[in-house]
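In what follows, a structure is listed as structure tokens, so that the remarks can point back to it.
The values are calculated or read from the model by the stated rules, or taken from the named source; none is laboratory data. Model, not experiment: these values are computed from the prediction. Because the Cβ atoms are built from the backbone with ideal geometry, glycine has one as well, and the counts that use them run over all protein chains shown. We work out accessible area using only protein heavy atoms, side chains counted, and drop any ligands, DNA or RNA first. Shrake-Rupley method; radii C 1.70, N 1.55, O 1.52, S 1.80 Å.
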Amino acid sequence: MSYHRALSELRLNMGNESSKSGENYKDQETQYDVASLQSLITSGKIEVSFKKSSPDVKTPEYKTDGSSGMDLCAYIEDGSTITITQGQRTLVKTGISMVIPNGFEGQVRPRSGLALKNGITVLNTPGTIDSDYRGEIGIILINHGQESFNINNGDRIAQIIFSPVIKANLSIAENLDETDRGEGGFGSTGVTNE
């Protein structure tokens with residue numbers, strides 16, 4: 001059973017005896033706990049445990065009640081400054097490792113202020129943190145700006161958003177259904193609304 005189908009059925013069965021705590025929905029290797037899904041539906045939150053490589057590491061946090069992403073901060077162990085020159089890319093460590101629940105991913109995204117004011121962005125945006133990854137989260141930053149940019153220990157350099165993952169079952173097809181668009185891509189629909 002897929003994640004979204006499990007969610008749909010759980011919504012219908014909320015408060016029903018068929019949705020007992022501890023019951024599981026299984027989809028191949030992915031397992032969803034009913035209690036966890038109920039918590040997600042009612043609170044809009046999932047439980048993510050994390051570890052710091054040092055007490056000095058800044059804890060990710062939402063800056064406002066309406067923030068979609070938690071800020072991730074640079075962790076520079078020796079306290080030095082990292083300088084990203086124009087056109088350069090570099091890996092900046094956060095000192096944070098996480099246990100993301102199975103069926104979810106962490107998406108590392110740029111911060112809009114850094115992008116607009118300094119041309120600093122996440123090179124592989126959105127960077128994906130898989131649920132079975134236990135290493136330190138590193139941010140690949142690139143400088144698209146006109147000047148060098150300095151990163152200091154504790155600076156907020158990116159944000160992480162947690163999102164459900166839908167896995168696909170692939171099947172080989174002899175033919176694909178026809179559409180008006182066909183093979184048109186790479187700007188084939190144009191730029192203007194004409």
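Data overview
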read-out	value
Verdict on Asn175 being open to solvent by 90 Å² or more (accessible area, probe 1.4 Å), in a loop (DSSP other than H, G, I, E, B) and free of Cβ contacts under 8 Å to residues at least 40 places away in the same chain	yes
Selected residue (only one of Gly145, Gly185 is open to solvent by less than 60 Å² (accessible area, probe 1.4 Å) and touching a strand residue (DSSP E or B) at 6+ places or on another chain (Cβ under 7 Å))	Gly145
Subset of segment 107-127 (residues that are open to solvent by less than 20 Å² (accessible area, probe 1.4 Å) and out of contact with any Pro (no Cβ under 9 Å at 6 or more places or on another chain))	Gly119, Gly127
Checklist (1) part of a loop (DSSP other than H, G, I, E, B); (2) more than 24 Å from Thr85 (Cα to Cα); (3) open to solvent by less than 50 Å² (accessible area, probe 1.4 Å); (4) touching a residue at least 12 places away in the same chain (Cβ under 8 Å) applied to Gly154, failing item	(2)
Residues of segment 76-106 classified as open to solvent by 30 Å² or more (accessible area, probe 1.4 Å) and under 14 Å from Leu141 (Cβ atoms), total	11
Some residue of segment 181-188 being farther than 22 Å from Val48 by Cα, outside any strand (DSSP E or B), modelled with pLDDT under 95 and charged (D, E, K, R)	yes
Residue within segment 141-148 that is modelled with pLDDT of 95 or more and under 19 Å from Lys51 (Cα atoms) present	no
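Conditions (1) within 14 Å of the chain's Cα centre (by Cα); (2) farther than 30 Å from Ser49 by Cα, marked per residue:
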residue	(1), (2)
Gly87	no, yes
Thr90	no, no
Lys93	no, no
Gly103	yes, no
Val165	yes, no
